[in-house]
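To start, the structure under review is shown below, and the notes come after it.
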């Protein structure tokens, strides 16, 4: 790290390289922080968390108790030890609260004045943050597993919705109506994600073992159906043709640049795909325990070199190198299964929520540069000039 600093000072290196090195150093030193707590509000498991991208200050959580909580992550105490306070809650006493488990929560990508939640009560609600009242309510015929707003869309305001119905619904925030249906899956759609690179590209994961990529401007169906066998029928894979996993596919995550797509399934496997061609990159992550029957929320680091993947694995969060599949570390601290985790790119922090009703903060532990050169996992050598 000292080599990067001296080269930057002398004008021999660009600031982006220094920033990536420091981001990587921070991610590799993530530990459960004893000085930081998050208010325990939920009375049941936490299914989904989201950090706003506009300010990077507020975090949403949605739980199996139907409750939605907004936390302030900023520390204004001037002391290292503090608690991330719940600034407002949509609790059981609210007339607008979801009747059953909240499966997904997400901030509106451009400001914190609005957020969206979806639930097993067959509704998706668009909330006004100031009043904590729904500005719009979309009703469906079946339980809603997942929804997602595009983080980059300029020409549309669509929310993709995955439910127990095999059809993917596209809801327009501006008109307040369901405007389109994407058909192709044969079982419930457990997860949907918009591409962070192309605003009309959507990925979906289903219990039919398939992952499809859609261009929502086309009515002819999906653009790609990911195939774990690359179309090779010689391995006795005829029955598994065009399947991404050998079980329910319940997790989707694009890399920050949108060039790759990660999927997880109940076959205890995680796969990395080229999002443009649908090609399986064949990165071997080993066994990635996945017992969830619903959507599993996992995430990828941002601004690192190389990038890392954080995946709930039982009561721990497994951290893998994205492109090599190497298991870097296991983050242990929860008392029960972890269902969701979210990476904070501004500070290289990780937040995870689980069935123990806790949200844990994993924060970089900064050490003197001379101590960074030798660590147990061998990754620190990438910092040396």
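The values are calculated or read from the model by the stated rules, or taken from the named source; none is laboratory data. Fair warning: this is a prediction, and the values are worked out from it, not measured in the lab. Methodologically, a virtual Cβ is constructed for each residue, glycine included, from the backbone with ideal geometry; neighbour enumeration extends over all protein chains shown.
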Checked against (1) outside any strand (DSSP E or B); (2) touching a strand residue (DSSP E or B) at 6+ places or on another chain (Cβ under 7 Å); (3) surrounded by fewer than 19 Cβ atoms within 10 Å (Cβ to Cβ); (4) at pLDDT 95 or above, residue 325 satisfies every condition except (2)
Per the list (1) at pLDDT 95 or above; (2) in contact with a strand residue (DSSP E or B) (Cβ under 9 Å, 6 or more places away or on another chain), residue check on residue 292 breaks on (1)
Selection over the range 236-247 where residues are within 22 Å of residue 313 (Cα to Cα) and either modelled with pLDDT under 90 or surrounded by fewer than 23 Cβ atoms within 10 Å (Cβ to Cβ) (or both) yields a count of 2
By residue number, the members of the range 328-345 that are assigned to a strand (DSSP E or B) and touching a helix residue (DSSP H, G or I) at 6+ places or on another chain (Cβ under 9 Å) are 328, 329, 343
In the range 223-235, anything crowded, with 22+ Cβ neighbours inside 10 Å and either assigned to a strand (DSSP E or B) or modelled with pLDDT under 95 (or both) is listed as 228
For the range 130-145 the number of residues that are touching a strand residue (DSSP E or B) at 6+ places or on another chain (Cβ under 7 Å) and either in a loop (DSSP other than H, G, I, E, B) or closer than 26 Å to residue 296 by Cβ (or both) is 8
Taking the range 182-199 and keeping only residues that are touching a strand residue (DSSP E or B) at 6+ places or on another chain (Cβ under 7 Å) and more than 13 Å from residue 222 (Cβ to Cβ), one is left with 187, 188, 190, 191, 193, 194, 195, 196
Among 301, 305, the single one that is touching a helix residue (DSSP H, G or I) at 6+ places or on another chain (Cβ under 7 Å) and modelled with pLDDT under 95 is 305
Note on the range 185-198: residues touching a residue at least 40 places away in the same chain (Cβ under 8 Å) and either on the phi > 0 side of the Ramachandran plot or crowded, with 18+ Cβ neighbours inside 10 Å (or both) are 188, 189, 190, 191, 192, 193, 194, 195
Taking the range 272-306 and keeping residues farther than 30 Å from residue 17 by Cβ and assigned to a strand (DSSP E or B) leaves 280, 297
**Asked** Quick one: would you say residue 144 is touching a residue at least 60 places away in the same chain (Cβ under 8 Å) and either more than 16 Å from residue 109 (Cβ to Cβ) or buried (at least 18 other Cβ atoms within 10 Å of the Cβ) (or both)?
**Response** no
